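Peer 1: Have a look at the structure that comes next, please.
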Amino acid sequence: MDTVSIGKVVATHGIKGEIRILSDFPYKDKVFVIGNTILIDGREYVIQSYRVHKNFDMVTLEGYSNINDVLFL
């Protein structure tokens, strides 16, 4: 399986488990789709929600609904 770097997790956002990704990837509309799988530190996560906030891509992952669940990222 080939991997492509789509960005860097830079912080969490809010208390609902959202992560802030800094990305200059040109095909965001094809990657950040609900149900797609992304790799973070070698583990697979499924995208539950996606939105853009300022210059960041905000992603919520399936099974992670609290800020305490995603602090390790």
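The values are calculated or read from the model by the stated rules, or taken from the named source; none is laboratory data. Nothing here was measured: the structure is a model prediction, and the numbers come from that model. FYI the Cβ positions are ideal-geometry reconstructions off the backbone, even for glycines, and counts take in every protein chain you see. Accessible surface areas use protein heavy atoms only, side chains included; no ligands, DNA or RNA. Shrake-Rupley method; radii C 1.70, N 1.55, O 1.52, S 1.80 Å.
Peer 1: Where Lys and Arg each count +1 and Asp and Glu each count -1, what net charge lies around residue 25 among other residues with Cβ under 13 Å from its Cβ?
Peer 2: 0
Peer 1: For the chain, which whole-number percentage of the solvent-accessible area (1.4 Å probe, protein heavy atoms only) is attributable to carbon and sulfur atoms?
Peer 2: Numbers: 2530 of 5010 Å².
Whole-percent figure for carbon plus sulfur exposure: 50.
Peer 1: Could you tally the net charge around residue 56, taking each other residue with its Cβ under 15 Å from the Cβ of residue 56, Lys/Arg +1 and Asp/Glu -1? List each step's numbers first, then the result.
Peer 2: Details: positive: 8, 20, 28, 51, 54; negative: 18, 24, 57.
My count for the surroundings of residue 56 gives +2.
Peer 1: Suppose a student asked you for the relative contact order of the chain, using Cα pairs under 8 Å spaced at least 6 residues apart; what percent would you report? Don't skip to the answer; put the middle values down first.
Peer 2: Numbers: 122 pairs, mean separation 24.4, N = 73.
Over the chain, the number comes to 33 percent.
Peer 1: Taking the Cα centre of segment 12-73 as the origin and placing charges on Cβ (Lys, Arg +1; Asp, Glu -1), which of 52, 22, 73 is farthest toward the positive end of the dipole?
Peer 2: With unit charges placed on the Cβ atoms, the residue in question is 52.
Peer 1: Moving to a separate point now. Just to verify a number: what accessible area does residue 73 come out at with the full protein assembly present, 1.4 Å probe, Å² rounded to tens?
Peer 2: 40 Å²
Peer 1: Taking loop as defined by DSSP and a crowding limit of 11 other beta carbons within 10 Å, which chymotrypsin sites (Phe, Trp or Tyr not before Pro) in segment 15-50 fit? Write out the running numbers ahead of the final one.
Peer 2: Values: sites: 27, 32, 45, 50; in loops: 27, 32.
Taking segment 15-50 and a limit of 11 other Cβ atoms within 10 Å, the loop chymotrypsin sites (Phe, Trp or Tyr not before Pro) found are 27.
Peer 1: Now for a different question. Starting from the Kirkwood Rh over alpha-carbon pairs, what translational D in µm² s⁻¹ does the chain have by Stokes-Einstein at 25 °C and 0.890 mPa s?
Peer 2: Numbers: Rh = 12.3 Å.
It comes out at roughly 199 µm²/s.
Peer 1: Accessible area of residue 67, 1.4 Å probe, to the nearest 10 Å²?
Peer 2: About 40 Å², ignoring ligands and nucleic acids.
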